[in-house]
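Have a look at the structure below before the remarks.
The values are calculated or read from the model by the stated rules, or taken from the named source; none is laboratory data. Remember, it's a predicted structure, so these values are computed and weren't measured experimentally. Note that we place each Cβ from the backbone using ideal geometry, even for glycine, and neighbour counts take in every protein chain shown.
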Amino acid sequence: MPELPEAETIVRDLRRRVPGHCVTGLKVTHADVLGPGLNPRRLARELKGLCFRDVGRRGKNVVLHFDRDRVLAVNLGMTGRLVVSESPRAAELRHVAVRLDLDDGHALLYDDTRRFGRLELHTTATWAERSAELGLEPLAPEFTAAALHKLAGASRTRIRNWLLDQRRVAGVGNIYANEALFRAGVHPARPANCMSAREAAKLRDALVAVLTEAIAARGTTLSDYRDAAGEAGGFEPRLQIYGREGEPCPVCGQTIQRVVLTNRSAFFCPRCQR
Ligand SMILES: [Zn+2]
């Protein structure tokens, strides 16, 4: 499912494409992707005629800013995609839920096979409130080793699960949590408050490094993720631990193991991660 690097890749693509363009029409095919209080008629009434001002990201959310103080926050869920219609790959989309027609004759398509994604309409003020519920941005200057150590120190939750809690650190999902814990040498089942300051510093650096590298590779595609042109990301071959159960650890050669923590797989090297 899309995490921070995948959302960021889409944001960077769309930022070069949509600002300055206006919404001439809107079609909702599957209204179950619309968030609370939103229906197709209201979405069309609110957005038609508005122009894109900017595209941003908060955690795993792609945030579309329009004029007249309107914000459309897109949580991609498990299989959500935002693809521009002029891309040759757009013809491959089979589950377009929402279509925003643009004034240049093209469109921005929200496609979602499983429809766990959500589109929320906000004003700048209500989006700021919603955004305040999310945790630290791992690529922001505030995400220091000391900040991570302090936050984690307040919780006995297993560190892999803790990293997935969007109210603590925003944008990290299971793939990059596993990769960062491996790089930092921290076992995924350890309680968050048992990390030393030195381990927290290694984990902070590992998170920043793996997220940055994944953005440079345009994200990880296991099956569904696509960028705004409908293309797969390139980071999957560089995953060191996620999904590698039974393979040798790239550092020490020990067999990589898998354990289920709260219904989700965690992968680790029993020698490298303590
Ligand atoms: Zn190892």
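Odds and ends about this structure:
- Residue-level check: of (1) modelled with pLDDT under 95; (2) away from the ligand (no atom under 16 Å from the Cβ), residue 274 misses just (2).
- So residue 67, is it in contact (Cβ under 8 Å) with a residue 60 or more places away in the chain and not assigned by TED's automatic domain parsing to the domain that holds residue 203: no
- Search result, residues across segment 224-257 that are in contact with a Phe, Trp or Tyr (Cβ under 8 Å, 6 or more places away or on another chain), surrounded by fewer than 17 Cβ atoms within 10 Å (Cβ to Cβ) and over 25 Å from residue 8 (Cα atoms): 245, 257
- For segment 178-193, the condition holds for at least one residue, the condition being that it is buried (at least 20 other Cβ atoms within 10 Å of the Cβ), more than 26 Å from residue 10 (Cα to Cα) and more than 16 Å from the ligand (Cβ to nearest atom).
- In segment 115-125, the count of residues that are assigned to a loop (DSSP other than H, G, I, E, B), closer than 18 Å to residue 202 by Cα and either of a type in the set (Lys, Arg) or touching a His at 6+ places or on another chain (Cβ under 9 Å) (or both) is zero.
- Residue identified as within 30 Å of residue 24 (Cβ to Cβ), under 16 Å from the mean Cα position of the chain (by Cα) and among the hydroxyl-bearing types (Ser, Thr, Tyr) among 131, 87: 131
- Considering 34, 4, 64, 38, the condition of being more than 21 Å from residue 168 (Cβ to Cβ) and buried (at least 20 other Cβ atoms within 10 Å of the Cβ) is satisfied by 64 alone.
- Of all residues making up segment 220-271, the number that are of a type outside the set (Gly, Ala, Ser), more than 15 Å from the ligand (Cβ to nearest atom) and not in a strand (DSSP E or B): 14
- Subset of segment 148-175 (residues that are in contact with a Pro (Cβ under 7 Å, 6 or more places away or on another chain) and closer than 19 Å to residue 242 by Cα): 158, 159, 160, 171, 172
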